[in-house]
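I have placed the structure first, in the form of structure tokens, so that the comments after it can refer back to it.
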Amino acid sequence: MTLISHSPYDPKWIALQREASMSGRMFSLGLSALRNADFEHQELYYTGFFNITIALERIYKLILESHEYSTHGSFLG
């Protein structure tokens, strides 16, 4: 098994980048589900709002982590 090396980069930045990518995809999926929701497909309302709320929660956490790093030079926890 080959492991990918990101030696010049902080592993926490890579994790934040992956989290941002996933949050963006979840937000997009939520909006798409809401766009397709109607009376016959009411489950899409739940799916859409669920994905959007989870994505917003993750985005807010990313904002807090980025702010902490820019002001103090370190990540939370």
Once phi is turned into ³J(HN,Hα) by the Karplus curve 6.51 cos²θ - 1.76 cosθ + 1.60 with θ = phi - 60°, what whole-Hz value does each residue of the range 59-76 show in order, with x for glycine and proline?
5, 4, 5, 5, 5, 4, 5, 5, 5, 4, 5, 6, 8, 10, x, 9, 8, 5
Run the numbers on the chain and let me know its relative contact order in percent, using alpha-carbon pairs under 8 Å that are six or more apart.
27 percent
Dividing the helical contributions, -39500 (n - 2.57) per DSSP H run of n ≥ 4, by the residues of the chain yields a 222 nm value, nearest 500 deg cm²/dmol, of -26000 deg cm²/dmol
With θ set to phi - 60°, apply the Karplus curve 6.51 cos²θ - 1.76 cosθ + 1.60 along the range 12-28 and write out the HN-Hα couplings as whole Hz, x wherever there is a Gly or Pro.
5, 5, 5, 5, 5, 5, 5, 5, 5, 5, 5, 4, x, 5, 5, 4, 5
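The numbers here are math on the coordinates, done by the rules we state, and not lab data. From a predicted model like this one, the values you see are computed outputs, not experimental measurements.
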